[in-house]
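Structure first, commentary second.
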Amino acid sequence: MSTNRFGVRTLAVLAVAGFAVLGTPAIASAHVSAQPSEFTQGGRATFAFRVPNERDNAGTTKIEVTLPQDTPLTSVRTKPLAGWKAEVVKGALDKPVTVGGKEITEAFKSITWTAEPGVKIGVNEYQEFFVAIGTLPEGKDKLELPTKQTYENGEVVDWGQSEGADGKEPEHPAPVLKLAPKAAGDDGHGHGTTPAANTGTDTHEAAAAGSDSTARYLGGAGLAVGALGLGFGVGAILRSRRNA
């Protein structure tokens, strides 16, 4: 009798654990990041700045991205987002830079998204801001895009720190694009390089949504395992009562 009770309690604990652990959705990255983040040197990139809201008492109302000036971008396009106004600033460089054999005297300097009245990234929410940029620099393995996140209470979080020499992630890392060398015969238009105005952007949105779908599948599997364990527990209880 005591053995049956012990078995019932064990199964019940396992069932609860299945719900608590496997049934919990995957938690998104807690800092501003680029999704997807891997592209080809010398090509173009279409991706999203994924911005999670980290405060439980204020929403995010503004995002400011600083673009590189040592390896300037000659093309920057933003995808319209309901409730948000995008502003792309272009200006003269401190000194000319040669890109693709051409001398560049001006380039894009920043992108700012500002929420319209009544719009914000709320508590436990995130938003994605899609862009298409180019030409990506050659000879560099990454492109950092420092970003400032402004909350409705005036707080500003600067996501602009570089990865340390030890490889550890800093407290406020800057969004980074990883740049792979161009392969032989590669025209630089792979790895999600379709401009935002094309349907290629939808492909990246689907890719980003795919990771969320995976989390849902894992959560569903966890619920199924938990339910199975609970079913075994209930069955054991009924059998123990019949034996009694």
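The values are calculated or read from the model by the stated rules, or taken from the named source; none is laboratory data. All figures in this text were calculated on a predicted structure; none of them were measured in a lab. All Cβ positions, even for glycine, are placed from backbone atoms using ideal geometry, and neighbour counts span all protein chains on display.
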(request) Give the range 58-101 a look and list any residue that's within 18 Å of the chain's Cα centre (by Cα), of a type in the set (A, V, I, L, M, F, W, C) and under 17 Å from ARG44 (Cβ atoms), or say none. (result) VAL65
(message) It is to be established whether one or more residues within the range 21-39 are more than 21 Å from the chain's Cα centre (by Cα) and modelled with pLDDT of 90 or more.
(response) no
(message) Residues to consider are THR193, THR199, THR150; find the one that is hydroxyl-bearing (Ser, Thr, Tyr), modelled with pLDDT under 50 and either under 18 Å from the mean Cα position of the chain (by Cα) or within 19 Å of GLU64 (Cα to Cα) (or both).
(response) THR193
(request) Just name the residue that is nearest to VAL123 (Cα to Cα) out of those in the range 29-73 that are of a type in the set (Asp, Glu) and touching a residue at least 60 places away in the same chain (Cβ under 8 Å). (result) ASP56
(message) Given the options PRO146, PRO170, name the one that is under 20 Å from HIS31 (Cα atoms) and without any contact (Cβ under 8 Å) to a residue 60 or more places away in the chain.
(response) PRO170
